[in-house]
Amino acid sequence: MTMMTGAEIVIRCLQEEKVDYVFGYPGGSVLHIYDELFKQDKVKHILVRHEQAAVHAADAYSRSTQRVGVAMVTSGPGATNAVTGIATAYMDSIPLVVISGQVPTTYIGQDAFQECDTVGITRPCVKHNFLVKDVRDLAATIKKAFYIANTGRPGPVVVDVPKDITAAKCKFEYPAEIKLRSYNPVIKGHSGQIKKAVQLLLGAKRPMIYTGGGVILANAAEQLTRLTRLLGFPITNTLMGLGGYPGTDRQFLGMPGMHGTLEANLAMQHCDVLLAVGTRFDDRVIGNPEDFATVPRKIIHVDIDPSSISKRVRVDVPIVGNVSDVLGEMVRLLEAEQERKDISDWWAEIENWRARQCMKYGMKDAIMPQYVIEKLWEVTRGDAIITSDVGQHQMWAAQYYKFDKPRRWLNSGGLGTMGVGLPYAIGAAFANPDRQVACVTGDGSIQMCIQELSTAKQFGLPIKIINLNNRYLGMVRQWQEMFYSRRYSQTYMDSIPDFVKLAEAYGHVGIRVERPEDVEPALKRAFVDHKDDLVFLDIRTAREANVFPMVAAGKGLAEMVLADENL
Amino acid sequence: MRHIISILLENEAGALSRVAGLFSARGYNIETLTVAPTEDSSLSRLTIVTSGSDEIIEQITKQLNKLIDVIKVVDLSEAAHIERELMLIKVRATGKDREEMKRMADIYRGRIIDVTDATYVIELTGSGSKLDSFIQAIDGDLILETVRTGVSGIGRGDRVLKV
């Protein structure tokens with residue numbers, strides 16, 4: 001066995017894990033590692049312009065491929081800049097390995113230059129983290145990091161590597177597999193519970209299926225689709241679960257929750273049996289849990305994480321396990337069952353709700369943002385990877401772009417991080433070079449990571465940025481309109497840059513769109529004429545358009561405000 | 001309700017702060033916390049006294065189990081168990097109080113382990129409530145200093161918490 005430096009070991013481990021892209025930013029503590037990166041070409045490094053974007057890009061790489069995303073940052077500010085990215089991935093259970101440099105072990109605790117307690121700072125927002133204190137532990141630690149990140153309920157793992165460890169030498173041996181006595185995630189669901197669940201589903205008169213990001217993470221969209229069609233039940237996908245079931249299918253009722261459809265929310269509220277899969281009854285999904293619990297429905301909850309079960313809502317049939325395996329088992333049991341309850345009355349009720357057309361909007365002179373998303377869906381034939389930032393545009397993208405496939409919709413659902421959109425598009429573009437990638441954003445969010453236009457230029461990424469520019473921090477303004485008597489405190493920006501010129505300054509194509517009739521041609525110019533360019537579409541939308549339906553925070557799911565009701 | 005939760009965890013740097021951090025991050029309450037390595041030095045045994053509804057205790061045990069460094073979690077208070085806590089209490093012991101303190105220590109089966117002209121240090125072991133009761137029973141003005149270890153607990157009989 002050859003002797004290797006810690007820096008060589010880091011790179012060799014990444015190669016062993018078949019990592020093709022590392023998103024990162026160099027600095028003092030990781031100089032040895034960057035030197036080793038330079039000497040090889042298997043692991044490609046993508047230089048971002050801010051460490052936050054490195055982690056977001058690695059996160060999107062993972063979201064769009066199911067593989068572990070990898071980011072590399074230096075100590076101190078490199079690590080603290082990465083924290084927002086790490087917390088974002090943690091909240092959405094995205095598997096990442098973040099390698100951070102650290103000051104030499106002998107300097108730790110002495111307030112050295114660019115020192116911070118990375119392990120301490122990231123502890124509450126990682127699945128696990130490590131500080132490597134001996135080069136002989138380095139390879140096994142990186143192996144553990146990949147294993148922990150991508151098993152059980154996935155999540156980010158930070159490996160903090162002091163600079164002297166990257167210079168120290170030892171024999172390299174990459175463990176073929178890792179066993180941890182303290183970590184044994186449950187995979188197979190309890191077969192008795194699964195049988196019980198299937199019996200409950202078959203006996204339901206008003207059934208409903210509600211699924212979340214767990215279905216996407218477990219690659220269980222196929223099993224979910226088979227199960228839903230076998231049962232003939234209505235289904236809703238949460239913001240994180242969109243694409244888990246085809247969004248254009250009749251059984252799909254749209255998204256549930258705060259900005260969910262009338263039919264999805266009422267079906268969630270009034271069903272007698274609710275099958276919840278890979279989802280966690282989040283406050284943005286079920287509203288007030290006390291109100292939700294007033295309806296005596298039976299709940300089946302499938303999740304890989306036992307702590308997600310009965311956290312906010314008591315459930316009747318808990319099933320801990322990988323949702324892909326559990327759904328597969330349910331399909332097998334259902335295929336053997338012939339008997340089906342007639343649920344046509346329930347469907348008739350749902351169709352009545354659907355007939356209210358809760359997502360209808362009117363358009364006159366100003367461009368309605370919903371219209372832009374509908375056109376985006378048409379022009380991309382519903383097959384692009386859509387990333388979004390956080391705010392009104394995010395909700396409109398989720399509501400009006402009908403995702404038929406998983407891993408096409410990348411957004412920060414849990415942490416709600418403004419600024420993810422562009423770095424997400426960058427990560428997705430590297431992972432999916434043959435697919436169209438569009439970033440739906442707003443004039444507020446895009447400015448939070450705008451510097452990444454430079455990264456996109458460096459690597460020639462043909463991302464399309466759809467900026468729904470209403471000259472407001474729209475979601476906050478909407479709340480101020482509805483709950484603060486229109487006191488628009490700090491939500492107006494009167495010095496927004498000229499995004500067209502800004503895009504051009506970075507070497508990209510900028511197009512401004514101001515009239516409804518120009519939306520579709522502009523999208524076609526972007527996706528067809530400028531297929532290989534990054535195009536920044538600055539679309540001036542109706543300033544005070546609101547996201548509806550809306551369930552106000554703390555209200556019950558049935559207490560929706562619809563667009564056509566006067567506020 | 002009060003619960004005594006026993007945890008076996010990897011004896012690694014930072015493992016304790018993961019447990020303590022979990023409690024503060026999720027708003028759970030810690031009444032006492034004790035930790036020390038076991039006969040197997042790669043393992044630490046930690047005892048936490050906490051309180052909360054059944055739902056909260058269920059979440060606490062689930063969240064603890066989720067920590068990568070945690071090997072096993074047991075709610076000792078679910079079944080027969082023994083709890084002990086050690087207290088060292090320094091009291092003023094002069095004049096008639098000197099004899100009274102000695103008598104109280106005897107009643108509670110405490111031991112006087114340090115003596116000066118004016119003070120005693122009394123060592124007392126028992127359940128948390130026994131120690132509380134001792135503090136109540138003596139004249140509060142005479143207490144100079146108290147230090148308590150927090151509760152350690154173990155299951156009765158065949159119940160064993162081991163890897």
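The values are calculated or read from the model by the stated rules, or taken from the named source; none is laboratory data. Just so you know, these numbers come straight off a predicted model, no measurement behind them. Here the Cβ is made from the backbone with ideal geometry for all residues, glycine too, and neighbour counts use every protein chain on show.
Some notes on this structure:
- Counting the residues of the stretch B:10-19 that are more than 10 Å from chain A (Cβ to nearest Cβ) and part of a helix (DSSP H, G or I) gives 2.
- Qualifying residue in the stretch A:55-75 (condition: touching a helix residue (DSSP H, G or I) at 6+ places or on another chain (Cβ under 6 Å), more than 18 Å from A:N129 (Cβ to Cβ) and either of a type in the set (A, V, I, L, M) or free of Cβ contacts under 8 Å to residues at least 24 places away in the same chain (or both)): yes
- Residue pairs whose Cβ atoms lie under 8 Å apart, sitting 6 or more positions apart in sequence or on different chains, and linking a residue in the stretch A:534-557 that is among the small types (G, A, S) to a partner that is assigned to a strand (DSSP E or B), are A:A542/A:I367; A:A552/A:V561.
- If the condition is being within 26 Å of A:F430 (Cα to Cα) and basic (K, R), then the stretch A:364-407 contributes A:K375, A:R381, A:K402, A:K405, A:R407.
- Test: residue in the stretch A:160-181 that is within 14 Å of another protein chain (Cβ to nearest Cβ), surrounded by 18 or more Cβ atoms within 10 Å (Cβ to Cβ) and modelled with pLDDT of 95 or more: yes
- Pairs where the first residue, in the stretch A:314-327, is of a type in the set (S, T, Y) and the second is in a loop (DSSP other than H, G, I, E, B), C-beta under 8 Å, 6+ apart: A:S324/A:A218; A:S324/A:N219; A:S324/A:A220
- A:K531 meets all of the listed conditions (1) touching a strand residue (DSSP E or B) at 6+ places or on another chain (Cβ under 7 Å); (2) among the basic types (K, R); (3) exposed (fewer than 15 other Cβ atoms within 10 Å of the Cβ) but one, namely (1).
- Criterion: of a type in the set (A, V, I, L, M), out of contact with any helix residue (DSSP H, G or I) (no Cβ under 9 Å at 6 or more places or on another chain) and crowded, with 20+ Cβ neighbours inside 10 Å - qualifying residue of B:L46, B:L8, B:L16: B:L8
- For the stretch A:212-245, a residue qualifies if it is in contact (Cβ under 8 Å) with a residue 60 or more places away in the chain, of a type outside the set (A, V, I, L, M) and either assigned to a helix (DSSP H, G or I) or more than 18 Å from A:D92 (Cβ to Cβ) (or both), and the qualifying residues are A:G213, A:G214, A:Q223, A:R226, A:G232, A:F233, A:P234.
- Of the strands (runs of 3 or more DSSP E) lying entirely inside the stretch A:71-178, those carrying at least 2 residues that are more than 30 Å from A:D325 (Cα to Cα) and in contact with a Phe, Trp or Tyr (Cβ under 9 Å, 6 or more places away or on another chain) are A:156-162.
- Checking A:A204 against (1) part of a helix (DSSP H, G or I); (2) surrounded by fewer than 24 Cβ atoms within 10 Å (Cβ to Cβ), the condition it does not meet: (1)
- For the stretch A:109-131, the set of residues classified as in contact (Cβ under 8 Å) with a residue 40 or more places away in the chain, under 29 Å from A:M91 (Cβ atoms) and not charged (D, E, K, R) consists of A:Q114, A:C116, A:T118, A:V119, A:I121, A:T122, A:C125, A:V126, listed by residue number.
- The stretch A:307-316, residues that are closer than 18 Å to A:V215 by Cβ and either facing chain B (nearest Cβ under 8 Å) or hydrophobic (A, V, I, L, M, F, W, C) (or both): A:I309, A:V315
- Just one of the listed residues (A:S412, A:S388) is among the polar types (S, T, N, Q) and without any contact (Cβ under 8 Å) to a residue 60 or more places away in the chain, and it is A:S388.
- Test: residue in the stretch A:489-509 that is in contact with a His (Cβ under 6 Å, 6 or more places away or on another chain) and either more than 26 Å from A:G85 (Cα to Cα) or surrounded by fewer than 23 Cβ atoms within 10 Å (Cβ to Cβ) (or both): yes
- Qualifying residue in the stretch A:18-28 (condition: in a helix (DSSP H, G or I), under 29 Å from the mean Cα position of the chain (by Cα) and buried (at least 24 other Cβ atoms within 10 Å of the Cβ)): no
- Selection within the stretch B:76-101 - crowded, with 17+ Cβ neighbours inside 10 Å, of a type in the set (D, E) and out of contact with any Lys or Arg (no Cβ under 8 Å at 6 or more places or on another chain): B:E83, B:D97
- Exclusive hit being within 18 Å of the chain's Cα centre (by Cα) and without any contact (Cβ under 8 Å) to a residue 24 or more places away in the chain, set B:A105, B:A36: B:A36
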